[in-house]
Amino acid sequence: MRFVAPAREEIDPAVFARPPLRDWMEFAPLLCSAKWPSIAMLDALRDEVQKVTKDTLPRFAEQAPELLRDGLHYESRIAELGVVATRAHNWHDLLNALIWLRYPALKAALNARQVAEIAKVGVKQRTRAQCALTHFDEAGIVVRLRDPRLLALWDAHDWHGLFWRERAAWRDGRIAVEVFGHALLEHALKPGQLLVGKALLVMGGAGDACAQVARAIRMEESLNDPQELRPLPLSGIPDWHEHNANERFYLEAPCFCPLRAGRRYPAPLAT
């Protein structure tokens with residue numbers, strides 16, 4: 001069933017006090033105010049971010065009939081014209097814009113790969129790589145793992161071990177998550193959602209994990225098939241779900257799926 005985000009006036013403010021949305025409160029005026037930000041406001045913010053980061057970001061333009069008359073694919077329009085078609089009064093597109101503002105290099109890497117795949121097969125077909133790129137764009141997370149002992153728990157879908165027995169690891173930096181997928185953030189607008197991210201994993205403690213992932217995507221070293229993505233039930237991370245202070249949550253919540261027979265994950269990206 002297609003997820004429908006709550007109306008802006010129906011949002012429970014408590015969702016902004018809990019991860020993952022709590023980590024986006026530098027954009028609180030855009031997320032928490034009673035009125036929708038205009039697309040012009042998003043574009044003005046894009047100009048401010050460019051001045052600080054020196055990154056080149058595409059501009060945001062309302063997805064109106066006039067814009068769509070160019071006949072371009074959504075991804076091609078970004079690559080060729082530097083324009084992200086953005087629906088007004090739409091949570092999904094607002095959150096997508098915020099991802100562009102925070103992670104421009106990673107979004108640009110996905111766009112470049114999408115356009116390259118479109119050039120191979122046209123707009124009416126989709127490659128395995130396109131599916132992987134889209135899954136990550138919508139539900140992606142970047143995970144930095146500094147304790148290799150935790151990898152065996154994750155590989156085995158030992159969720160009780162990873163989240164409960166190793167609870168301290170999520171607080172002391174041995175494992176850390178950055179939410180990249182805008183659909184994940186959209187789902188978090190409803191209290192109590194059982195969030196599951198699609199992860200790319202970086203092993204080791206040095207460097208910018210998102211920059212490493214962006215490079216791997218650009219170089220076609222990653223996201224060539226959806227099976228490369230590791231599921232991670234974000235609701236298991238301490239404090240990310242209202243019920244996960246109870247050990248039984250990890251034994252009963254349906255987001256903690258067992259490992260499928262024969263399922264194997266690729267090696268993490270190394271620093």
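Take every DSSP beta bridge whose two residues both sit in the chain, then give the antiparallel share in percent to the nearest 5. Looking only at bridges with both residues in the chain, the antiparallel portion is about 45 percent.
Helix-only estimate, please: 222 nm mean residue ellipticity of the chain, summing -39500 (n - 2.57) across DSSP H runs of length 4 or more and dividing by its residues, to the nearest 500. Mean residue ellipticity at 222 nm (helix-derived): -11000 deg cm²/dmol.
Centroid-to-centroid, using Cα positions, region 21-54 and region 200-222 are 26 Å apart. Debye-formula intensities of region 134-270, expressed as log10 I(q)/I(0) at q = 0.16, 0.21 Å⁻¹, are -0.83, -1.45 (one equal scatterer per alpha-carbon, no solvent).
Taking only the Cα atoms of region 8-128, the radius of gyration and Dmax are 15.7, 45 Å.
Relative contact order for region 8-128: what is it in percent, counting Cα pairs under 8 Å that are at least 6 residues apart? Please report the intermediate quantities before stating the final value.
Details: 94 pairs, mean separation 24.4, N = 121.
Result for region 8-128 is 20 percent.
Taking the 0 to 90 degree range and rounding to the nearest ten, how far is the long axis of helix 91-102 tilted relative to the main principal axis of the chain, both from C-alpha atoms? Relative to the chain, helix 91-102 is tipped by roughly 80 degrees. Using a 10 angstrom cutoff on alpha carbons, build the Gaussian network for the chain and name the most mobile of GLU166, GLU26, GLU186. Checking each option, the largest mean-square fluctuation is seen for GLU26.
Take every DSSP beta bridge whose two residues both sit in region 134-270, then give the antiparallel share in percent to the nearest 5.
55 percent
Comparing ARG230, ARG215, ARG126 in a Gaussian network model of the chain where C-alpha atoms under 10 Å apart are linked, the largest mean-square fluctuation is found at ARG126.
How many lysine pairs are close in the chain, with Cα atoms under 23 Å apart and the two 8 or more places apart or on different chains? Summing the qualifying lysine pairs gives 7. Please give the helix 104-121 orientation as an angle from the longest Cα principal axis of the chain, in degrees from 0 to 90, rounded to the nearest 10. Roughly 70 degrees, rounded to the nearest 10. Indicate the gyration tensor shape class of region 45-194 (rounded, prolate or oblate), computed on the Cα atoms with a ≥ b ≥ c the square roots of the eigenvalues: a/c under 1.5 is rounded; otherwise a/b larger than b/c is prolate and the rest oblate. Verdict is prolate for region 45-194.
Where a number appears in this text, it was derived from the coordinates with a stated rule and is not lab data. Predicted model, so just to flag it, every value in this text is computed and none were measured.
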